[in-house]
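Heads up: the structure comes next, in structure tokens.
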Amino acid sequence: MNAQNDDRLSSLMLWNGAEEYLKAANILFESHKSTPSFARFVGQPAYFLVCQSIELALKAYLRGSGKDEDFLVNKCRHDIVITLDAAEKCGLTNLVKFEPPERAVLNLANQHYSSKALQFTIVGAYTYPDFEVLLMLAEKLITKIEAFCIEKVNCHEGKDTAVVGLRSARRK
């Protein structure tokens, strides 16, 4: 790739980010396994990490499907449900399907994630989905889209949808 055609937001780059956040979530989960089940709560950072992983995986799929950065940032925002719906419209269900109980877990997690409640302390009582189920959903998604993201890594190179420089470089 030369500098003019360098697409700095590829499907594989987003997928790699998703996998890294998932690894971090797994580390936090493993550190809480020794806590008695009645007192076990992995904490908001672990929920944030696994939700971030899911968001990035879905956006990796969308990027590989031809969606541009503007779509990912302004249409999907940081909303897992909106991003999942967009990915399914682009054919995600050919690779991975979420059953209604799984969607319910994603919807509940998204309530906290998209509102930034997992990042900032917001007063109130919260109901969290089962963390192990959410972790399993992230692993399922990341595993099922890996080959697709690798195959589509260069699909934006040299096209109008390519991200030619870093955002800070564009502001100069």
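Looking only at residues in the stretch 8-23 that are among the small types (Gly, Ala, Ser) and within 18 Å of residue 47 (Cα to Cα), the one that is surrounded by the fewest Cβ atoms within 10 Å (Cβ to Cβ) is 17. Note on the stretch 116-144: residues that are within 18 Å of residue 28 (Cβ to Cβ), surrounded by fewer than 16 Cβ atoms within 10 Å (Cβ to Cβ), charged (D, E, K, R) and out of contact with any Phe, Trp or Tyr (no Cβ under 9 Å at 6 or more places or on another chain) total 1. When the test is whether a residue is among the charged types (D, E, K, R), under 20 Å from the mean Cα position of the chain (by Cα), under 21 Å from residue 11 (Cβ atoms) and surrounded by 20 or more Cβ atoms within 10 Å (Cβ to Cβ), residue 152 passes it.
Restricting the first member to the stretch 112-129 and to residues that are touching a residue at least 60 places away in the same chain (Cβ under 8 Å), and the second to residues that are among the β-branched types (Val, Ile, Thr) and outside any loop (DSSP other than H, G, I, E, B), the beta-carbon pairs closer than 9 Å and six or more apart or on different chains are 113/54; 113/80.
Taking the stretch 24-79, which residues are among the β-branched types (Val, Ile, Thr), loosely packed, with under 14 Cβ neighbours inside 10 Å and part of a loop (DSSP other than H, G, I, E, B)? If the condition is that a residue be among the β-branched types (Val, Ile, Thr), loosely packed, with under 14 Cβ neighbours inside 10 Å and part of a loop (DSSP other than H, G, I, E, B), then 35 is the only one that fits. Can you say whether residue 82 is buried (at least 23 other Cβ atoms within 10 Å of the Cβ) and part of a helix (DSSP H, G or I), as far as the supplied structure shows? The answer is no for residue 82. When the test is whether a residue is assigned to a helix (DSSP H, G or I), at pLDDT 95 or above and more than 15 Å from the chain's Cα centre (by Cα), residue 88 does not pass it.
Give the stretch 71-117 a look and list any residue that's over 17 Å from residue 49 (Cβ atoms) and among the aliphatic types (A, V, I, L, M), or say none. Across the stretch 71-117, the qualifying residues are 72, 73, 81, 82, 84, 86, 87, 92, 95, 96, 104.
Taken together, 86, 138, 109 contain a single residue that is of a type in the set (A, V, I, L, M, F, W, C), in contact (Cβ under 8 Å) with a residue 24 or more places away in the chain and touching a Pro at 6+ places or on another chain (Cβ under 9 Å), which is 109.
The values are calculated or read from the model by the stated rules, or taken from the named source; none is laboratory data. Nothing here was measured: the structure is a model prediction, and the numbers come from that model. Virtual Cβ from ideal backbone geometry, glycine too; neighbours counted across all protein chains shown.
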